[in-house]
Amino acid sequence: MVRLPVSVILLGFTSLLTDAGSEMIFPLLPLFLTGTLGASPAFLGLVEGAADVVASLLKLVAGRLSDRLGARKPLILAGYGLAGAVRPLVAFATAPWHVLLVRITDRVGKGVRGAPRDALIADVTPEGLGSRAFGFHRAMDDAGAVFGPLIAAALLAAGMELRSIFLLASIPGVLALLTVALVREPRSATLAPTPTPTPTPTAAPVTSAPLPRVFWRLLVVFALFGLGNSSDAFLLLRAKGLGVPEAIIPILWSFFHICKVIWAGVGGWLGDRVEKRYVIVGGWALYALSYLLFAFCTESWQVWLVFMLYGGFYGLGDPVQKALVRDLVPAGARGHAFGWYNLTTGVMALPASFLIGAVWERVGPVQAFSVGAALALAASVALLGVLSIRPVSAR
């Protein structure tokens, strides 16, 4: 079996540590916002949606910049450093807008690092291992999200307050920054800085490599799916509403990420052996089914089973989608392509989360989750139509 490059492995451990710190906070954030600070479900949607939009916009800029500079690591370092420094500051929030400000700044760091990191993984990964590489990264990311909530749950059980737990989340962030510093990136012709032509009165902007038309059509489909892909914070809110105790929420979240780790391995294996569009549609179908089940759950124990199924969406969706993007675009435009991919999938988080939050607040959770399921099914049909021609590697 061909081994994954060392840089992919190091970036995986970086994500593990980063998510360990982030997920010490995230599963407790809906409870902190709606309970301690008195925010509404709609405001919760605004916080998560706005944070993801900011991250997505910056991913486009950072990805394009990494193509032009011919260097991805400086942006990756800056992104992880900023997020790790600001994330624990949520401990000092005394009003909902304080959390909004911290979350947005945290997502600035994610936006700076996201597309360059994905492009670097694509750059160093041999042909035919794209899904496996992104699946490994997804699994390590989710493994960190297993440990974070467990640490938070243990600290809660020991009587520690939420704000103190938020402060301790800075420790994994420091370790993540040390790990990413060890990453080496290739220096090749495909990553050479894009030469800047001498400007003339009639000169048009020059790009390093054009993005194919099918890529743009694919982004439209991703946007349709994204409109129904709201923040997972609503799932935690639903779990609490169905009777899952507050102290158990971090354990539930950790269990969910264990399921995601397992599913990511399945997705990485399938994505390199089965036509990627079918694997992605399978993940989106699991998303729709999970949302319908979340809508009609009546007992707290059912939530655990649905979270187990919902993990399949992450394993079959995200890593295979990124591998598909890698296959569709030239090597010299990967930063640009991943920037657009992350922008498209992330910018829809604001309308999606606000939509679900508003429907939840005005009608109820059953209708809110049903809307998300319907949009996922519509996007699945559209994806099969857009990718009716088998994609080939554009390396």
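A short reminder: the numbers here are calculations on the coordinates, not readings from a lab. Since the model is a prediction, treat every value here as computed from it, not as a measurement. We place every Cβ from the backbone using ideal geometry, glycine too, and count neighbours over all the protein chains shown.
Over the stretch 252-395, Cα pairs under 8 Å with separation of 6+ residues give a relative contact order of 35 percent. Once each part is reduced to its C-alpha centroid, what is the distance from the stretch 286-312 to the stretch 98-129 in angstrom? Each part reduced to its Cα centre gives a spacing of 28 Å. Given just the C-alpha atoms of the stretch 269-337, how large is their convex hull per residue in cubic angstrom? Enclosed volume per residue, from the Cα hull, is 89 Å³. Against the main long axis of the alpha-carbon atoms of the chain, helix 130-157 sits at an angle near 30°. Maximal additional length on extending the Leu175-Ala374 stretch stands at 67.5 nm, based on 0.36 nm per residue less the C-alpha distance. Tell me which residues come under 5 Å, amide H to amide H, from Leu37 once H is placed; ignore anything under 5 positions away on its chain. Residues meeting the amide H criterion: none.
Tilt of helix 318-328 relative to the longest C-alpha principal axis of the chain, in degrees (0 to 90, nearest 10)? Orientation of helix 318-328: about 10 degrees from the principal axis.
State which entries of Lys59/Lys322; Lys110/Lys240; Lys59/Lys276; Lys59/Lys240 exceed 22 angstrom in Cα-Cα distance in the structure shown.
Working: Lys59/Lys322 14 Å; Lys110/Lys240 28 Å; Lys59/Lys276 24 Å; Lys59/Lys240 33 Å.
Over 22 Å apart, Cα to Cα: Lys110/Lys240; Lys59/Lys276; Lys59/Lys240.
Using only Cα atoms, find the angle between the long axis of helix 96-124 and the longest principal axis of the chain, and express it within 0 to 90 degrees, rounded to the nearest 10. Value to nearest ten degrees: 40.
Only DSSP H runs of four or more residues enter the estimate; each adds -39500 (n - 2.57), and after division by the residues of the chain the mean residue ellipticity at 222 nm equals -24000 deg cm²/dmol.
How high is the relative contact order of the stretch 33-174, in percent, with contacts defined as C-alpha pairs under 8 Å that are six or more residues apart? Please list the in-between numbers first.
Details: 147 pairs, mean separation 45.8, N = 142.
Contact order relative to length: 32 percent.
Grab the other residues whose beta carbon is less than 11 angstrom from that of Leu167, score K and R as +1, D and E as -1, and report the net. Mind showing how you got there, number by number?
Details: positive: Arg87, Arg163; negative: Glu161.
Combined, the nearby Lys, Arg, Asp and Glu give +1.
Here the Karplus curve 6.51 cos²θ - 1.76 cosθ + 1.60, taken at θ = phi - 60°, turns the phi angles of the stretch 176-182 into couplings of 5, 5, 5, 5, 5, 5, 7 Hz, with x standing for Gly and Pro.
What order do you get for Arg107, Arg3, Arg64 when you list them from fewest to most C-beta neighbours inside 10 Å?
On the way: Arg107 27, Arg3 9, Arg64 22.
By the 10 Å Cβ count, ascending: Arg3, Arg64, Arg107.
Distance between the 7 Å Cα→Cβ label points at Trp304 and Leu69: 4.7 nm. Size descriptor for the stretch 1-123, Kirkwood hydrodynamic radius: 15.4 Å (Cα pairs only, one decimal). A simple rule links phi to the HN-Hα coupling: the Karplus curve 6.51 cos²θ - 1.76 cosθ + 1.60 with θ = phi - 60°, which for the stretch 4-15 gives 6, x, 4, 4, 5, 5, 5, 5, x, 5, 4, 5 Hz, with x for Gly and Pro. Rounded to the nearest Hz, the phi-derived 3J(HN,Hα) couplings of the stretch 65-81 under the Karplus curve 6.51 cos²θ - 1.76 cosθ + 1.60 (θ = phi - 60°) are 5, 5, 5, 6, 6, x, 8, 10, 4, x, 5, 5, 4, 4, x, 5, x, where x marks glycine and proline. A cut-off of 5 Å between modelled amide H atoms, ignoring neighbours fewer than 5 places along the same chain, links Val329 with Ala394. Multiplying the residue separation of Ala154 and Val214 by 0.36 nm and removing their Cα-Cα distance gives an extension gain of 16.8 nm. Within the listed set Leu65, Leu77, Leu178, the residue fluctuating most in the Gaussian network model of the chain (springs between alpha-carbon atoms under 10 angstrom) is Leu178.
Subtracting the Cα-Cα distance of Val274 and Val61 from 0.36 nm times their residue separation leaves 73.4 nm of extension gain.
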